[in-house]
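I have placed the structure first, in the form of structure tokens, so that the comments after it can refer back to it.
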Amino acid sequence: MRRLAKAIDGLEEPAVEKIAKDQKDDPFQVLIATMLSAQTRDAVTASASDRLFRVARTPRTMAKLPASRIEKLIYPVSFYRNKAVHVRRTCEQILTRYAGRVPSTMETLLTLPGVGRKTANLVLILAHSSQDNICVDTHVHRIANRLGWVTSRTPDDTEQALYEVTRRRWWPVINLYLVTWGQNVCRPVYPLCPQCVLVDICPKVGVTRVGKPIKGESRK
Ligand code: SF4
């Protein structure tokens with residue numbers, strides 16, 4: 001983790017982290033951006049979030065938008081129709097059940113439509129400053145397995161296993177470090193192992209082919 005902390009310096013941050021910083025960790029915008037980000041490229045998440053937040057930045061104003069308007073604003077994020085419905089229903093529930101505030105516990109966040117553990121953990125970490133959560137998405141799941149930190153089949157299993165094998169002080173930043181690394185170096189296919197800062201300690205579990213080194217670039 002110490003090596004990764006140095007290595008990600010200067011690399012593009014994941015979209016939701018950037019939105020969280022830009023919006024001063026506003027829990028509502030972190031929640032909505034994270035919902036939009038599922039299975040969607042970062043550039044698409046960033047522009048869709050921007051279009052939506054220009055029109056509505058609070059649960060009250062967003063709940064007033066018809067789902068069809070939200071759909072148009074967030075297109076082309078993956079599953080934009082379902083996500084538009086979930087976003088609207090989530091806004092309504094935040095207003096009716098939580099007095100307009102984004103809940104701050106895992107249990108309550110999971111009651112919101114379309115919110116799973118990944119979204120809930122990221123909201124708790126970025127917007128509620130939790131030190132007790134690890135957010136596992138596909139990048140974290142893949143890299144933790146390649147590194148041999150865990151042997152797990154699903155992101156939820158990986159999350160539970162990581163609580164056992166990682167030091168607590170790293171929990172809030174595991175997602176930031178591994179997602180940034182996964183987008184730039186430990187890519188889903190053809191990871192850039194020869195350029196990786198972890199190549200000497202990584203067992204590369206399940207890696208069968210690596211990408212060609214990019215000339216002039218080193219991540220060591
Ligand atoms: S050495 Fe390869 S598999 Fe291991 S973390 Fe680095 S890029 Fe990923």
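Each residue of segment 82-89 in turn: what ³J(HN,Hα) in whole Hz from Karplus with 6.51, -1.76, 1.60 and θ = phi - 60°, glycine and Pro shown as x?
Coupling constants for segment 82-89: 4, 5, 4, 5, 5, 4, 5, 5 Hz.
Hey, could you get me the Stokes-Einstein D for the chain, Kirkwood radius over alpha-carbon pairs, 25 °C and 0.890 mPa s, rounded to whole µm² s⁻¹?
Rounded to a whole number, D works out at 135 µm²/s.
Taking segment 133-220, which GluC sites (Glu not before Pro) meet the DSSP loop condition and have no more than 10 other C-beta atoms within 10 Å?
E217
Between R168 and T111, what length in nm is gained on full extension when 0.36 nm per residue of separation is reduced by their alpha carbon distance?
The span from R168 to T111 would gain 17.9 nm if fully extended.
Once amide H atoms are built 1.01 Å from N in the peptide plane, which residues 5 or more positions from V197, or in another chain, come under 5 Å H to H?
For V197, no residues qualify.
In vacuo Debye scattering of segment 107-160, one point per C-alpha: log10 I(q)/I(0) at q = 0.18, 0.26 Å⁻¹?
The Cα Debye sum returns log10 ratios of -0.60, -1.00.
Check cross-link reach from K6 to the aspartates and glutamates: straight Cα distance under 16 Å, and skip same-chain residues fewer than eight apart.
Within the straight-line cut-off, K6 pairs with E217.
Between A5 and R153, what is the label-point separation in nm under the 7 Å Cα-to-beta-carbon projection?
Calculated label separation equals 3.6 nm.
List, in order, the whole-Hz ³J(HN,Hα) value for each residue of segment 19-36 obtained from phi through the Karplus relation with A = 6.51, B = -1.76, C = 1.60 and θ = phi - 60°; use x for Gly and Pro.
Couplings: 4, 4, 5, 4, 9, 6, 6, 4, x, 5, 5, 4, 4, 5, 4, 5, 4, 5 Hz.
Using θ = phi - 60° and the Karplus form 6.51 cos²θ - 1.76 cosθ + 1.60, what ³J(HN,Hα) does each residue of segment 124-136 get, whole Hz, x for Gly and Pro?
Working through the residues one at a time gives 4, 6, 7, 9, 10, 6, 5, 9, 10, 10, 10, 9, 10 Hz.
Determine the share of segment 1-146's accessible area contributed by carbon and sulfur atoms, expressed in whole percent, with a 1.4 angstrom probe. Write out the running numbers ahead of the final one.
Numbers: 3500 of 7090 Å².
Using a 1.4 Å probe with all protein chains present, segment 1-146 comes out at 49 percent carbon and sulfur.
Based on the Cβ-Cβ distance from K64 to T208, what FRET efficiency comes out when R0 is 41 Å, to the nearest 0.05?
0.20
Suppose the chain between R89 and K21 were pulled fully straight at 0.36 nm per residue; how much longer would it get relative to their current alpha carbon spacing?
Length gained, R89 through K21: 21.9 nm.
Determine the principal axes of the Cα atoms in segment 93-199, then give the extent along each, sorted from largest to smallest and rounded to whole angstroms.
53, 25, 24 Å, listed from the longest principal axis down.
Quick one: of K21/K118; K21/K212; K118/K204, which pairs are farther than 26 Å apart, Cα to Cα?
Distance filter (> 26 Å) returns K21/K212.
Given a cut-off of 17 Å, what percent of all Cα-Cα pairs of segment 1-113 lie beyond it? Don't skip to the end; give the middle numbers.
Numbers: 3439 of 6328 pairs.
Roughly 54 percent, once rounded to a whole number.
Determine the per residue accessible area of the chain with all protein chains present and a 1.4 angstrom probe, expressed in square angstrom.
With all protein chains present, the chain gives 53 Å² per residue.
The values are calculated or read from the model by the stated rules, or taken from the named source; none is laboratory data. Source: prediction; values computed, not measured. In this analysis, Cβ positions are derived from the backbone assuming ideal geometry, glycine residues included, and neighbour counts consider all displayed protein chains. Surface areas here come from the heavy atoms of the whole protein model, side chains and all, with no ligands, DNA or RNA. Shrake-Rupley method; radii C 1.70, N 1.55, O 1.52, S 1.80 Å.
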